[in-house]
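Presented below is the structure to which this report refers.
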Amino acid sequence: MNFSSKRLSQTITQLCLVKEIDHVVISPGSRNAPLTIGFTEHSQFNTFSIVDERCAAFFALGLAQQLDRPVALVCTSGSALLNYFPAVAEAYYSDIPLVVISADRPEHLIEVGDGQTIKQKGVYGKHILYSANCDDKDEAQLQNETEINIALNMAIELRGPVHINAPFNEPLYEKVEDLEVRPQHVPARPPEDDIPNFKTLRNIWTASKRKMILMGVMKPGSLSEELIDWLAQDPEVIIFTETTSNIHHKNFFPAIDQMIFSLDDDGLKELQPEVLITLGGMVISKKVKSFLRKYQPEHHWHIDQKKAYNTYFSLTEHVKMRPDHFFEELLEDTGRNKFGYRDNWLEIKNHRLKMHHRYEVEIPYSDFKAYQKIFESIPSGYQLQIANSAAVRYSQLFPIEPSLNVFCNRGTSGIDGSTSTAIGAAVGSGLPTVLVSGDLSFFYDSNALWNNYIPDNFRIIVVNNSGGGIFRILPGAKEADKFEEYFETSHNLNASKLCEMYEVEYHSARNEGELFSNLKEFFNDSHRPKLLEIFTPSEVNDKILRDYFQYIS
């Protein structure tokens with residue numbers, strides 16, 4: 001086995017290895033040669049080579065999302081690490097552990113006009129948990145070990161991105177057969193629950209008759225089935241979930257906008273909770289945010305070991321516990337009534353669902369019809385990755401097969417990197433995976449297909465409405481000057497040539513019959529990935545969606 005001759009490279013790679021950071025995504029360069037040698041020539045590292053740094057970073061994000069532990073990113077100096085920034089920000093807000101390791105010029109070559117050089121120290125500013133700035137000099141060994149231990153432990157303990165900046169002097173490609181350093185390993189500490197005053201919380205919970213639980217982005221399996229069933233039987237509790245919550249029960253309310261869109265002031269006051277408990281990550285529904293900001297609860301508790309956003313401007317308690325531990329403690333020895341404020345809302349929900357199914361039958365071919373058919377067709381056991389913008393919003397309106405594990409980059413809610421993330425997640429999970437994406441999100445990240453690791457059972461469905469169709473739905477947007485050019489960004493692109501270039505099997509549909517026929521075969525086994533491009537009429541999509549909420553009320 002060979003190692004880079006650089007002691008700093010040996011320190012970084014050995015500490016990554018002992019902390020089980022063994023998946024490493026590398027983009028090509030020369031200044032990072034000591035790191036590339038250190039990672040690729042050690043058999044215990046799983047290494048991936050991806051040229052485009054932005055795609056590489058989102059690919060690593062998808063890996064970390066599924067592996068549930070840090071993934072390392074390695075790049076050369078200069079603008080390369082700036083291309084990581086969108087994924088770093090997403091990791092920061094989605095609590096996904098990434099370790100960015102950027103090679104750099106040594107200090108004496110910074111800001112003297114040397115090539116491929118920028119100010120790399122602290123480049124990610126406030127969107128990083130820790131920045132470790134190393135030194136290539138031998139006398140800095142102890143300081144480097146300390147900084148690297150802190151950075152890697154922060155990624156593990158606090159679940160987020162960290163940055164290790166590693167300067168290297170030339171020569172860069174020299175190897176040695178034995179390690180010259182044995183860095184001290186300072187183990188990471190798992191997070192612990194911070195137990196609140198449960199007597200006070202239980203008294204408030206028991207005395208309240210209108211209790212609401214709102215679940216944002218959550219990993220599958222975050223709550224036990226026993227706990228879900230217990231919560232579902234309490235008639236004083238309304239539980240709002242989203243597609244990305246990965247929580248299912250017939251007594252829950254998964255389509256939030258479907259429920260509250262058409263409520264008048266009296267209806268919203270009737271729905272207003274006394275106690276609101278929130279858990280999980282970002283919430284998609286703008287309607288529920290507007291509702292809870294105007295009709296605020298008396299008590300709002302957010303359950304998360306790390307952070308609590310005051311999203312509804314009413315936060316009264318940040319409970320630093322795992323949600324399952326919290327509910328087990330809260331519900332211990334608490335009774336419940338046979339009737340409560342949930343029952344009337346379940347009747348409304350069932351009415352909305354009845355009208356929803358009628359509407360599906362009546363409407364013509366459109367985005368709405370396409371997404372209905374897509375979500376009906378995904379086989380059980382798949383991992384579902386959803387791109388941002390229209391795709392993830394439409395997903396809230398349709399039932400999702402409970403066996404599907406659902407993910408979306410909701411930390412920053414950007415359209416960049418959805419395909420790259422989905423590919424990384426497919427590799428990390430080993431599950432058959434389908435990405436459902438809009439056209440702009442897909443084309444924006446088309447370099448994602450420049451990737452040698454895409455599994456044969458990876459599927460992409462692109463709903464192509466010739467632009468940013470969601471802007472047609474936003475109030476006032478269509479009245480803006482040059483709407484098609486600067487907001488909707490109309491286009492006539494299709495994915496066929498991209499699929500040909502990257503050897504992805506291409507299918508397309510332009511009407512309901514073709515859509516049905518393609519979906520029937522789309523998930524069958526194949527010897528390469530597949531893409532289905534669904535073309536929909538942009539001029540009717542916004543009207544059909546707006547009419548939907550009036551129809552079901």
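The values are calculated or read from the model by the stated rules, or taken from the named source; none is laboratory data. All figures in this text were calculated on a predicted structure; none of them were measured in a lab. Counting neighbours? That spans all protein chains shown, and the Cβs are built from the backbone with ideal geometry, glycine included.
Tabulated results
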read-out: The one condition in (1) touching a Gly at 6+ places or on another chain (Cβ under 8 Å); (2) surrounded by fewer than 24 Cβ atoms within 10 Å (Cβ to Cβ); (3) not aromatic (Phe, Trp, Tyr) that ALA140 fails to fulfil; value: (1)
read-out: Tally of residues being under 32 Å from the mean Cα position of the chain (by Cα), within 13 Å of ILE12 (Cβ to Cβ) and touching a residue at least 40 places away in the same chain (Cβ under 8 Å) across region 125-143; value: 1
read-out: Residue among TYR382, TYR394 that is touching a residue at least 24 places away in the same chain (Cβ under 8 Å), crowded, with 21+ Cβ neighbours inside 10 Å and hydroxyl-bearing (Ser, Thr, Tyr); value: TYR394
read-out: Criterion (at pLDDT 95 or above, in contact with a helix residue (DSSP H, G or I) (Cβ under 7 Å, 6 or more places away or on another chain), assigned by TED's automatic domain parsing to the domain that holds ALA370 and under 17 Å from SER389 (Cβ atoms)) met by exactly one of ILE534, ILE470; value: ILE534
read-out: Selection count, region 140-185, where residues are within 30 Å of LYS320 (Cα to Cα) and small (Gly, Ala, Ser); value: 3
read-out: Count of region 156-183 residues which are in a strand (DSSP E or B) and among the basic types (Lys, Arg); value: 1
read-out: LEU435 vs. criteria more than 20 Å from ASP22 (Cα to Cα), without any contact (Cβ under 8 Å) to a residue 40 or more places away in the chain and not assigned by TED's automatic domain parsing to the domain that holds GLY216; value: no
read-out: From LYS287, LYS306, LYS269, residue being farther than 22 Å from SER94 by Cα and surrounded by fewer than 20 Cβ atoms within 10 Å (Cβ to Cβ); value: LYS269
read-out: ALA91 vs. criteria assigned to a strand (DSSP E or B) and either out of contact with any His (no Cβ under 8 Å at 6 or more places or on another chain) or more than 26 Å from ALA308 (Cα to Cα) (or both); value: no
read-out: Test: residue in region 397-412 that is over 26 Å from PHE252 (Cα atoms), part of a loop (DSSP other than H, G, I, E, B) and touching a helix residue (DSSP H, G or I) at 6+ places or on another chain (Cβ under 9 Å); value: yes
read-out: Evaluation of GLU401 against (1) charged (D, E, K, R); (2) farther than 20 Å from THR536 by Cβ; (3) touching a residue at least 40 places away in the same chain (Cβ under 8 Å) (one fails), failing number; value: (3)
read-out: Conditions (1) touching a Cys at 6+ places or on another chain (Cβ under 8 Å); (2) of a type outside the set (Asp, Glu); (3) not in a loop (DSSP other than H, G, I, E, B): number failed by GLY29; value: (3)
read-out: Selection from region 512-553 of residues that are charged (D, E, K, R), surrounded by 20 or more Cβ atoms within 10 Å (Cβ to Cβ) and assigned to a helix (DSSP H, G or I); value: ASP542
read-out: Single match in LYS250, LYS269, LYS287 (criterion: more than 18 Å from TYR394 (Cα to Cα) and in contact (Cβ under 8 Å) with a residue 24 or more places away in the chain); value: LYS269
read-out: Positions within region 34-82 being surrounded by fewer than 24 Cβ atoms within 10 Å (Cβ to Cβ), part of a helix (DSSP H, G or I) and hydroxyl-bearing (Ser, Thr, Tyr), in sequence order; value: THR40, SER79
read-out: Residues that are in the same structural domain as ALA33 (by TED's automatic domain parsing), in contact with a Lys or Arg (Cβ under 7 Å, 6 or more places away or on another chain) and not hydrophobic (A, V, I, L, M, F, W, C), drawn from region 160-190; value: ASN165, PRO167
read-out: Extreme residue, farthest from ASN518 (Cα to Cα), among residues of region 437-470 that are of a type in the set (A, V, I, L, M, F, W, C), out of contact with any Leu (no Cβ under 7 Å at 6 or more places or on another chain) and not in a helix (DSSP H, G or I); value: TRP450
read-out: Condition met for ILE415 (at pLDDT below 95 and either assigned to a helix (DSSP H, G or I) or touching a Lys or Arg at 6+ places or on another chain (Cβ under 7 Å) (or both)); value: no
read-out: Among (1) in a helix (DSSP H, G or I); (2) at pLDDT 95 or above, the one test that MET218 misses; value: (1)
read-out: Residue count for region 208-232, restricted to those that are of a type in the set (S, T, N, Q) and in contact with a helix residue (DSSP H, G or I) (Cβ under 8 Å, 6 or more places away or on another chain); value: 2
read-out: Within region 353-369, considering residues that are part of a helix (DSSP H, G or I) and under 30 Å from the mean Cα position of the chain (by Cα), the one surrounded by the fewest Cβ atoms within 10 Å (Cβ to Cβ); value: HIS357
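Table: residues versus (1) touching a Cys at 6+ places or on another chain (Cβ under 7 Å); (2) closer than 30 Å to THR316 by Cβ; (3) surrounded by fewer than 20 Cβ atoms within 10 Å (Cβ to Cβ).
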residue: LEU109; (1), (2), (3): no, no, yes
residue: ASP114; (1), (2), (3): no, no, yes
residue: ALA166; (1), (2), (3): yes, no, no
residue: ASN169; (1), (2), (3): no, no, yes
residue: ASP193; (1), (2), (3): no, yes, yes
